[in-house]
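Report on one structure; see the data block that follows.
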Amino acid sequence: GAERTSCLLSRDYEGFVASLLLPEEARRSSLALRALNVELAQVKDSVSQKTIGLMRMQFWKTAIEEMYRDEPPKQPVSAELWRAVRKHYLTKRWLLRIVAEREKDLEDRAYRNLQELEAYSENTQSTLMYLLLQCLGVKDVHADHAASHIGKAQGIVTCLRATPYHSGRRKVYLPMDICMLHGASQEDFIRGSREQNVRDVVYDIASQAHVHLQHARSFSHSVPAAATAAFLPTVVLEDYLQRVRKVDFDVFHPSLQSRNPLLPIWLYLRSWKKTY
């Protein structure tokens, strides 16, 4: 347990804090879902050969199938996830969808366009939110609609936030159509360029995340209060989008590399307000 907690803390700090602020009955299940998410996300970075990555993904596909037969493998995250599946009757195809999408991502190439990044985000981040809503006992079409847009915003922001990390490893995943539109090459990102054309790429991508966030909020009055706990990550997205705007969309600015120490407090306050 302690080892898994420290892994969650280092790989998904904000998600871990947000899970702790959930109602008691959903907290443990949320941590199990986030632990699965971290396990899957780590595969791409931690394996040197794609074959090993595919084997790890196959393990999870089989593990999920076994959970629904009440025969989970003896592995800590699987055991916790099985508990969540039984307690909240979690939808199997959503869990499998996250694994399948992460597996596709092992191809290790840039997104062709923004729509491709959004589809990836829908199948990972949004789908994780649908599962969180199930943990909270929320069945509501407006909540699902909000989760879809917030998940897309989260996927886009995650891609931007990880750009300096990936560039340092000579990898660029940002949508190629937007890079081409502004005449920004992969090499520009790899050498950490702070030129205007690179900032324009970041501006366009960040704007799309903002649009999704605004859209999700436009019908917040129709979303049940119980659902808002699943949407606490909006605090984190808002924080990053504001900070990147302050540095004029320079994605490599040192101030973006450090975590905002006020985030836990803001998450706590937002959880009290029951808004997103």
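The values are calculated or read from the model by the stated rules, or taken from the named source; none is laboratory data. What you see is a predicted model; the values in this text were computed from it and never measured. Please note: Cβ atoms are built from the backbone with ideal geometry, for glycine as well, and neighbour counts cover all protein chains shown. Side chains included, ligands, DNA and RNA excluded: accessible areas come from the protein's heavy atoms. Shrake-Rupley method; radii C 1.70, N 1.55, O 1.52, S 1.80 Å.
Here, P(r) means the percent of Cα pairs in each 10 Å bin from 0 to the largest distance; for the chain it is 7, 29, 37, 23, 5, 0. Checking every one of the chymotrypsin sites (Phe, Trp or Tyr not before Pro) in the stretch 23-97 against DSSP loop status and a limit of 13 other Cβ atoms within 10 Å picks out Tyr89. Taken per residue, the accessible surface of the stretch 1-108 reaches 52 Å², heavy atoms only and a 1.4 Å probe.
The largest-to-smallest principal axis extents of the Cα set in the stretch 1-108 are 40, 32, 22 Å. The relative contact order of the stretch 1-108 comes to 27 percent, based on Cα pairs under 8 Å that sit 6 or more residues apart.
Treat the stretch 47-113 as a sphere of radius equal to its Kirkwood radius over Cα pairs and apply Stokes-Einstein at 37 °C in a medium of 0.692 mPa s; give the translational diffusion coefficient in µm²/s, rounded to a whole number. Don't skip to the answer; put the middle values down first.
On the way: Rh = 13.0 Å.
Calculated translational D: 253 µm²/s.
In whole percent, how big is the carbon plus sulfur part of the accessible area of the stretch 215-276, probe 1.4 Å, protein atoms only? Here it works out to 61 percent. Here each label is just a point 7 Å from Cα along the line to Cβ, and for Lys50 and His145 those points are 4.0 nm apart. For the stretch 158-233 versus the stretch 46-85, the spacing of their alpha-carbon centroids is 30 Å.
Charges only on Cβ, +1 for Lys and Arg, -1 for Asp and Glu: so what's the dipole of the stretch 1-108 about the Cα centre, in debye to the nearest 20? List each step's numbers first, then the result.
Numbers: 19 positive and 17 negative charges, 52 e Å.
That gives the stretch 1-108 a dipole magnitude of about 260 debye.
Put +1 on the Cβ of every Lys and Arg and -1 on every Asp and Glu Cβ in the stretch 1-145; which of Leu20, Gly137, Gln58 then has its Cα farthest towards the positive end of the dipole? Farthest towards the positive pole: Gln58.
The relative contact order of the chain comes to 19 percent, based on Cα pairs under 8 Å that sit 6 or more residues apart.
Note on the stretch 166-276: Cα-only Rg and Dmax are 16.4, 46 Å.
Charges at C-beta only: +1 for Lys and Arg, -1 for Asp and Glu. How large is the resulting dipole of the chain about its Cα centre, in Debye rounded to 20? Spell out each step's value before the answer.
On the way: 38 positive and 32 negative charges, 107 e Å.
Dipole size: approximately 520 debye.
Whole-Hz Karplus values for the stretch 82-97 come out as 4, 4, 5, 4, 5, 6, 10, 6, 5, 6, 4, 5, 6, 5, 5, 4 Hz, taken residue by residue from phi with 6.51 cos²θ - 1.76 cosθ + 1.60 and θ = phi - 60°; glycine and proline positions read x.
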